[in-house]
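Report on the structure given below.
Please treat every number below as a calculation from the coordinates, not as lab data. Since we're looking at a predicted model, the values are computed, not measured. Don't worry about glycine lacking a Cβ; one is built from the backbone with ideal geometry, like all the others, and counts go over all protein chains shown.
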Amino acid sequence: MGKAETYLGEVLGAFDFGAPVVGAIRFGQGHINDTFVVHTQPEDVCCRRFILQRMSPAAFKRPDQLMENIIGVTEYLGREIRRNGGDREREALEVIRPKNGEPYYTDEGGGAWRLYPFVEGTICYQTAETPELFAASGRAFGRFQRLLQGYPAQTLHETIPHFHDTEDRLRKLKEAVAADSMGRVKECQPEIDFMLARESDCSVALQALRDGTLPLRVTHNDTKLNNVLMDAKTGEGICIIDLDTVMPGLSINDFGDSIRFGANHSAEDETDLSKVNLDLELFAAYTEAFLEGAGGTLTEKEIELLPWGAKLMTLECGIRFLTDYLVGDEYFHISRERQNLDRCRTQCKLVTDMEAHWDELCAIVGRQCGK
Ligand code: ADP
Ligand code: GN1
Ligand code: MG
C-alpha cells in the first residue's frame with residue numbers, strides 16, 4: 001500500500017474543504033492511523049483546520065464496517081449532546097464525506113481515508129500533568145459511556161475481533177514466541193516469563209463476563225489520555241476521539257486503559273524504569289471522576305472489579321507490545337528500534353506496582369461505593 005504521503009495529493013482532491021488547501025502535515029502521537037492536519041484558507045476567517053486520517057490497514061480490515069460504526073456513534077452522540085444542551089460541534093466528532101458521497105475515500109493504493117473538522121480550542125495531553133486534568137479525562141470517559149448507554153449494541157461491527165480478549169492475546173504471544181521469526185526471543189525472556197506467570201489473571205474479566213457477573217456495554221476500548229481533547233480554557237474533557245474501537249465491551253476495561261496510560265508520570269516507552277511508577281493520587285482522582293461521569297450506570301460488581309480492569313489492560317497491552325516486537329513491529333508505529341520492547345517493559349513495571357499496591361487500589365475503589 002505504501003506510505004500515506006504518496007497518496008496525499010490525490011486524497012486532498014477527493015474532499016471539498018470549502019476553501020483552498022494551504023498544506024497538510026503529520027499530526028499527533030497516535031500509534032495506529034496516519035493522521036494529518038489540513039490547513040485551509042477561507043476568505044472570512046484566518047484559517048480552518050481539518051483532521052485527515054488514513055485508517056491503519058494493519059489494524060482495520062473492514063473500513064466500511066468501521067466507518068458505519070463511527071457514523072452511527074457520532075450521530076447518536078450528537079443527538080444526545082444536543083438534547084442535554086451541549087455544543088455538538090465541539091463535543092462529538094463529525095464525519096465529513098468525500099465528494100463522491102461515500103463515508104470515506106479509497107485511494108488508488110487501496111488506503112481508506114476519512115475527514116473530521118479539527119476541534120479547535122482544545123489540547124491533547126500525552127501525560128497527566130495534574131490530578132485535576134486526569135480527573136477531567138475520567139469524567140469525559142465516564143460520561144461517554146453514560147451517553148452511549150442506550151445505543152443499540154447489536155448494530156456495532158466488531159472492528160478488531162478479540163480486541164480485549166486477554167486470553168487470546170496471550171495465545172498469540174505464545175505463538176510468536178514459538179515461531180521466533182525475528183530471532184528476538186533471546187532478548188525478551190524475562191518479559192515473556194512475566195506474562196506467562198500471569199496466565200490465570202488473563203481470564204479474570206472474561207470469566208466474569210462469561211458467568212454474567214459483568215455486563216457487556218458499548219465501550220470505547222482505547223481510553224488513553226490522548227484520545228480525549230481537553231478544553232484549552234476550562235481544562236474540562238470536551239471531545240472523545242479515536243472511535244475506531246467503539247464496540248461492545250467491558251466498562252472496567254475503559255477505566256483500566258486510562259489508568260494504564262495516565263496514572264503515572266512517564267512516557268509509555270520510558271527506558272528508565274525507575275521513573276515508571278503508578279501514582280495512587282492519580283488513580284484515586286480518576287476513579288472518582290470516572291464514576292461521577294458514568295453517573296450511576298455501573299453496577300456494584302463493575303465498581304468492585306475496577307482494579308482488575310487496570311491490571312488487565314496493562315498486562316494485555318504489555319503482551320501486545322511484546323508480541324509485536326517478536327513478530328517485527330507490524331502493528332504499532334515505532335520511531336526507533338526496540339521501542340515496542342521498551343513499551344512492554346513499562347507495562348510490566350506498572351503491573352508489578354499495581355500488584356504491590358493492590359490492597360490500596362481496592363480500598364480507593366471501595367471508598368467510592370461506601371465500603
Ligand atoms: P490513532 O488511532 O493513531 O491514535 P487518533 O484518532 O487518536 O489516531 O488521532 C491521533 C491524534 O490526532 C490524536 O491523539 C489527537 O492529537 C489528534 N486528533 C485526532 N482527531 C482530532 C480532531 N478532530 N481535532 C483535533 N485533534 C485531533
Ligand atoms: C493504540 O490508537 P492509539 O494510539 O490511541 C491501540 C491501543 C493501545 C495503545 C497503546 C486500535 O492506541 O489499543 O492500548 O495504542 N489502538 C488500537 O498505546 O490497537
Ligand atoms: Mg489515538
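For a Förster distance of 35 Å, can you work out the FRET efficiency between the beta-carbons of E281 and V185, rounded to the nearest 0.05? In this case the efficiency is close to 0.35. Using alpha-carbon pairs under 8 Å, 6+ residues apart, how would you state the relative contact order of the stretch 168-302 in percent? Relative contact order here is 18 percent. Across the stretch 259-371, the volume of the C-alpha convex hull divided among the residues equals 106 Å³ per residue.
Extension gain, Q126 to V21: 0.36 nm times the residue separation minus the Cα-Cα distance gives 35.0 nm.
Tell me the trypsin sites (Lys or Arg not before Pro) within the stretch 21-94 that lie in a loop according to DSSP and have at most 16 other beta-carbon atoms within 10 Å. In loop regions of the stretch 21-94 (DSSP not H, G, I, E or B), the sparsely surrounded trypsin sites (Lys or Arg not before Pro) are K61. Could you tally the net charge around E129, taking each other residue with its Cβ under 14 Å from the Cβ of E129, Lys/Arg +1 and Asp/Glu -1? Value of the local net charge: -3. Placing dummy labels 7 Å off each Cα toward the beta-carbon, the span from H333 to H265 is 2.8 nm. Of the GluC sites (Glu not before Pro) found in the stretch 308-362, those that fall in a DSSP loop while having at most 13 other beta-carbon atoms within 10 Å are E330, E337.
Both the radius of gyration and Dmax for the stretch 262-311 are 13.3, 40 Å, in that order, over alpha-carbon atoms. Using only the C-alpha atoms, the convex hull of the stretch 200-306 corresponds to 134 Å³ per residue.
Note: relative contact order over the chain, using C-alpha pairs below 8 Å and six or more positions apart, is 19 percent. Shape summary of the chain, radius of gyration then Dmax from alpha carbon positions: 20.4, 62 Å.
Counting neighbouring Cβ atoms within 10 Å and putting the fewest first, the residues T213, T106, T159 line up as T213, T106, T159.
Semi-axes of the equivalent ellipsoid of the stretch 71-117 are 27, 9, 8 Å, computed as sqrt(5λ) over the eigenvalues of the C-alpha gyration tensor in descending order. The angle separating the long axis of helix 251-262 from the principal Cα axis of greatest extent in the chain is about 90 degrees. Sorted fewest first by neighbouring Cβ atoms within 10 angstrom, S203, S137 come out as S203, S137. Of all lysines in the structure, those lying under 29 Å Cα to Cα from K224, and not within fewer than 8 positions of it along the same chain, are K3, K61, K172, K174, K233, K275, K301, K311, K349, K371. Give a quick list of trypsin sites (Lys or Arg not before Pro) in the stretch 285-346 that DSSP marks as loop, anything other than H, G, I, E or B, with at most 10 other Cβ atoms within 10 Å. Hits after loop and neighbour filter: R336. Counted residue by residue at 0.36 nm each, then reduced by the alpha carbon distance between them, the extension gain from E360 to Q149 reaches 73.0 nm. Which angle between 0 and 90 degrees, to the nearest 10, do you get for helix 306-327 versus the longest principal axis of the chain when only C-alpha atoms count? The angle comes out at about 70 degrees.
Compactness check for the stretch 61-181: Cα Rg over 2.2 N^0.38 Å is 1.35. Can you tell me the FRET efficiency between Q41 and F118 if r is taken as the Cβ-Cβ distance and R0 is 22 Å, rounded to the nearest 0.05? After rounding, the FRET efficiency stands at 0.95. For the stretch 349-369, backbone nitrogen atoms closer than 15 Å to the point 7 Å from E292 Cα along Cα-to-C-beta are found at 368-369.
With everything on Cα atoms, drop me the angle between helix 63-83 and the longest principal axis of the chain, reported from 0 to 90° to the nearest 10. Taking Cα atoms only, the helix is inclined about 90 degrees. Taking N as the residue count of the stretch 195-253, its C-alpha radius of gyration divided by 2.2 N^0.38 Å amounts to 1.48.
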